[in-house]
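Notes to accompany the following structure.
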Amino acid sequence: MVATALQTRTRDPRIILNAVHERVPHLVTAVGVENLWEREVRLLLRDSVAVRSLAERILGQGIAYLITAMENPAVDMGVGYTVDIGVHQLILDTPLYFALCDEYNGGRYKHHAPLIERRRDGTVMRTAELLRKNGFTVDDELWSVDASDCSPCDNKVPDSH
């Protein structure tokens, strides 16, 4: 009998973000921060999140969502308000977002075309499970706080999330 080893792959959002540094080195060196992770955390603290540990959690889940959306283009996904703060932070830092699109979306820009109306159909928690299946640790508290209030993108916009 041959034993089969089960390998669990856990993807670290901090490593993923810092790995694209070579594509946008000026974002770190020009502002005197150690790495891209620190840059984005500080931007969240500057603009929308009052506590560092929460900013890190939100950023990590935003990265996990975007990478999963890029790697699964045909899958219907959506986030709640809290995780969407991290998603928007990454998209607003356009040189960084372009680097992520280049690395994880085959060099194509991944559009963000939110619908006006929020969906209340379970999409948020289904999305959290997709992240888990894609190798990310899911912060269940951040996903469940907005579980019934999804902010989806318009599926009529090509390559959008």
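The values are calculated or read from the model by the stated rules, or taken from the named source; none is laboratory data. Note that the structure is predicted; figures quoted are calculated from it, not measured. Please note: Cβ atoms are built from the backbone with ideal geometry, for glycine as well, and neighbour counts cover all protein chains shown. For accessibility, only protein heavy atoms count, side chains too; no ligands or nucleic acids. Shrake-Rupley method; radii C 1.70, N 1.55, O 1.52, S 1.80 Å.
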Checklist entry - Does Arg108 satisfy the condition of being outside any loop (DSSP other than H, G, I, E, B) and either under 15 Å from His161 (Cα atoms) or in contact with a Cys (Cβ under 7 Å, 6 or more places away or on another chain) (or both)? => result no
Next on the checklist: Show the residue pairs meeting these rules: Cβ distance below 8 Å; 6+ apart or different chains; first residue within the stretch 4-21 and modelled with pLDDT of 95 or more; second residue surrounded by 16 or more Cβ atoms within 10 Å (Cβ to Cβ) and in a loop (DSSP other than H, G, I, E, B).
Outcome noted: Arg11/Asn134
Next on the checklist: Consider the stretch 106-134. How many of its residues are under 13 Å from the mean Cα position of the chain (by Cα) and either touching a residue at least 12 places away in the same chain (Cβ under 8 Å) or open to solvent by less than 70 Å² (accessible area, probe 1.4 Å) (or both)?
Outcome noted: 7
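Would you mind listing the helices (runs of 4 or more DSSP H) fully within the stretch 35-99 where at least 2 residues are open to solvent by less than 20 Å² (accessible area, probe 1.4 Å) and of a type in the set (S, T, N, Q)? Write out each step before concluding.
Working: elements: 36-47, 52-71, 81-92.
It comes to 52-71.
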